[in-house]
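Enquirer: The structure is given below, and queries will be raised subsequently.
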Amino acid sequence: MKRRQFLHAAGATAFLAGCTTITGQAKPQVVVIGGGYGGATAARYIRLWSDSSIDVTLIEPNAQFISCPLSNLVLGGSRQIGDLTMSIQALADKHGVRIIRDFVTSVNADKRTLALAGGQSLSYDRLIVSPGVDFMWDQLPGMLKPGAQDAILHAWKAGAQTVALRAQLEAMPDGGVYAMTIPPAPYRCPPGPYERASQVAFYFSRHKPRSKVLILDANDDVVSKGPLFKKVWKDRYHGIIDYRPAFRTADIDAGARTAISELGDKVQADVLNVIPPQRAGSIAMQSGLANVNARWCGVDFLSFESTQSKNIHVLGDAIAVAPLMPKSAHMANQHAKVCAAAVVDLLSGRAPDPQPMLTNTCYSFVSDQDVIHVASVHAYNAEKKTLLVVPGSGGVSSTASPMEGAYALNWARNIWADTLGGA
């Protein structure tokens, strides 16, 4: 199957305008910042779809990829962090991506160069920035005090904090309270906090049945799969989960493990888990790419090229999303494929395909086996110059089931292989 046929079939077609061509002695240079679901996928597919005629360098400080999807299962106790940890080396060994383990400290868009923390400087023909999210700690002043972020965990980037939060739950006495704050949308993974609450409740129901889960949600209601989550909480975790909407956390007293609302209400917990407000990752902010509310990166959805800087593309959670488009791992993978095809075509002088289409599926585990999902299809609208949900597409689960749990695990295995180029 040809590349564009594949993209149409996968719901991720790309479009590009003619620019420079792949000619001359030197290969075009593409640099990718960030080896997550967006960046790693883009790096791999540019190599695949250019028949290796484009050199791709991936800048990623970590040797291991740790999946945020399924990481809430570590808190529930049915998975270990090692189950979600994979090497990125196949991108180099199987696909010829050059991997540099370092941080990017600055980008010069005019000169098309970037500087690394280790002192190296790289030039590029096209730059892809997939930095994920960083946290707006200034909106929670108490979290800026010394030691606060070590004591009060977010665990919103899978890894050491996930393991540490699990340890806090294990150490909590039966009868204690776990409280989680949720920021106003948009944030990474809309259903993620509600899945987390379900996982902690699952753990408590098995091992600490007198304990409580308190959800302090800045939003007026559950922002994703609301009726399904609420049914699960009522049917399976009645008396364990207490959901409080419109609790906008304005500060944290880390020493007292207390969340303080904008109205001055205080909630103390034995384990306080603060998910902070979020913005595009730091390198996007530093590079001036976050041109939407000084928080998110505007892009042209035909190629994911920045609306702020030419020859720079932005993927994943860092972008200002199209209407009803979630900040999800699946969507970052789809962004990457549209972008990869666009970059190959732009560097080859080919005309754009004006009909991109992307799909998304978000699975949420509400126990160790039972899962609910939401799915959607997004097609480019030339008049509005954005991606819109296709009427009648997608949908949600009718109920939680172990069959969907099997689908979710297969989805995870497939997207990991697709992203990292493994077997």
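Enquirer: Please return the longest range in the chain lying between exposed loop sites, taking GluC sites (Glu not before Pro), DSSP loop only, at most 14 other beta-carbon atoms within 10 Å, and leaving the sites out.
Expert: 1-261
Enquirer: Something else about it: For the range 139-276, what is the percent of antiparallel DSSP beta bridges, rounded to the nearest 5? Intermediate results must be reported in sequence, preceding the final value.
Expert: On the way: 7 of 22 bridges.
Among the beta bridges of the range 139-276, antiparallel pairing accounts for roughly 30 percent.
Enquirer: Would you work out the charge dipole size for the chain about its Cα centre, treating the Cβ of every Lys and Arg as +1 and the Cβ of every Asp and Glu as -1, and quote it to the nearest 20 debye?
Expert: On the way: 40 positive and 34 negative charges, 102 e Å.
Rounded to the nearest 20 debye, it is 500 debye.
Enquirer: Once amide H atoms are placed 1.01 Å from N in the peptide plane, what residues at a sequence separation of 5 or more from L214, or on another chain, have their amide H within under 5 Å of its amide H?
Expert: The answer is Y178, A179, M180, D242.
Enquirer: Using 0.36 nm per residue, how much length does the chain from S87 to S53 gain when fully extended, once their Cα-Cα distance is taken away?
Expert: Once the chain is fully extended between S87 and S53, it gains 9.8 nm.
Enquirer: Residue separation times 0.36 nm, minus the C-alpha to C-alpha distance between A382 and A417: what's the value?
Expert: So the chain would gain 9.3 nm between A382 and A417.
Enquirer: Hey, which of these cross-link pairs are over 24 Å Cα-Cα: K310/K384; K327/K385; K111/K157; K212/K234; K157/K234?
Expert: Long pairs (Cα-Cα over 24 Å): K111/K157; K157/K234.
Enquirer: Run lengths n ≥ 4 of DSSP H only: what is the helix-derived mean residue ellipticity at 222 nm for the chain, with -39500 (n - 2.57) per run over all residues, to the nearest 500?
Expert: -8000 deg cm²/dmol
Enquirer: What percent antiparallel are the DSSP beta bridges of the chain, to the nearest 5?
Expert: On the way: 40 of 71 bridges.
So the antiparallel bridges amount to about 55 percent of the total.
Enquirer: What is the gain in length, in nm to one decimal, between K230 and S123 on full extension, counting 0.36 nm per residue of separation less the C-alpha to C-alpha distance?
Expert: Values: separation 107, 0.36 × 107 = 38.52 nm, distance 5.09 nm.
Roughly 33.4 nm would be gained on extension.
Enquirer: For the charge dipole of the chain, defined by +1 on Lys and Arg C-beta atoms and -1 on Asp and Glu C-beta atoms about the Cα centroid, which residue among A336, G349, F365 has the Cα displaced farthest towards the positive pole?
Expert: It is G349, whose Cα lies furthest towards the positive end.
Enquirer: Continuing with this model, one more query. Please find the FRET efficiency linking M136 to N108, where r is the Cβ-Cβ separation and R0 is fixed at 22 Å, and quote it to the nearest 0.05.
Expert: On the way: r = 26 Å, r/R0 = 1.19.
Calculated value: 0.25.
Enquirer: Right, next: Pop the C-beta distance of V390 and T307 into the FRET formula with R0 = 25 Å and round what comes out to the nearest 0.05.
Expert: Step by step, r from the Cβ atoms, then E = 0.55.
Enquirer: If contacts are Cα pairs under 8 angstrom and at least 6 residues apart, what is the relative contact order of the chain in percent? If you can, show how the numbers build up before the last one.
Expert: Details: 984 pairs, mean separation 99.1, N = 423.
Relative contact order here is 23 percent.
Enquirer: Follow-up. How much of the accessible area of the range 113-272, probe 1.4 Å, is carbon plus sulfur, in whole percent?
Expert: The C+S portion of the solvent-accessible surface of the range 113-272 is 50 percent.
Enquirer: Write down the accessible area per residue of the chain in Å², having rolled a 1.4 Å probe over the full set of protein chains.
Expert: Roughly 40 Å² per residue, with all protein chains present.
Enquirer: Give the range of the longest stretch in the chain that excludes all trypsin sites (Lys or Arg not before Pro) found in loop regions by DSSP and having at most 11 other beta-carbon atoms within 10 Å.
Expert: Value returned for the longest uninterrupted segment is 211-383.
The values are calculated or read from the model by the stated rules, or taken from the named source; none is laboratory data. Source: prediction; values computed, not measured. Neighbour counts run over all protein chains shown; Cβ positions are idealised from the backbone, glycine included. Heavy atoms of the whole protein, side chains included, go into the accessibility calculation; ligands, DNA and RNA do not. Shrake-Rupley method; radii C 1.70, N 1.55, O 1.52, S 1.80 Å.
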